[in-house]
Amino acid sequence: MLTSVPRGTKDILPSEVGAWRYVEGVLRDLCRCFGFKEIRTPVFEHTELFQRGIGDTTDVVEKEMYTFIDRGRRAGVH
């Protein structure tokens, strides 16, 4: 069973979202002034989280997710 989030990640809880949106807005405006454009990075999570929650034989797990093994030999999913 997982007891920790993937290394380098952190959940943003509802009580923190407003502050994050404010900071992101300020940075977005500043970056726009200097000609930078937004990028989006992939979202990932541990595979077993989905397998346990929705089953490992569902279409989501079998067809719509890419599972990989990280350096710590943990299964991650994109």
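The values are calculated or read from the model by the stated rules, or taken from the named source; none is laboratory data. Source: prediction; values computed, not measured. Note that each Cβ is placed from the backbone with ideal geometry, even for glycine, and that neighbours are counted across all protein chains shown.
State yes or no: is G55 small (G, A, S), farther than 24 Å from G8 by Cα and at pLDDT 95 or above? Considered against the rule, which asks whether it is small (G, A, S), farther than 24 Å from G8 by Cα and at pLDDT 95 or above, G55 comes out as no. Of the residues making up segment 1-22, those that are within 30 Å of I69 (Cβ to Cβ) and either of a type in the set (A, V, I, L, M, F, W, C) or at pLDDT below 85 (or both) are M1, L2, T3, S4, V5, P6, R7, G8, T9, K10, I12, L13. Selection of segment 16-32 for residues being acidic (D, E) and surrounded by 10 or more Cβ atoms within 10 Å (Cβ to Cβ) yields E16, E24. Check segment 23-38 and report whether any residue there is at pLDDT below 90, part of a loop (DSSP other than H, G, I, E, B), out of contact with any strand residue (DSSP E or B) (no Cβ under 6 Å at 6 or more places or on another chain) and not small (G, A, S). Yes, that holds for at least one residue. Within segment 6-19, residues that are closer than 20 Å to T41 by Cβ reach partners that are surrounded by 10 or more Cβ atoms within 10 Å (Cβ to Cβ) and of a type in the set (D, E, K, R) with beta carbons closer than 9 Å, at six or more positions or on different chains, in the pairs P6/E45; P6/D70; P6/R74; R7/D70; T9/E45.
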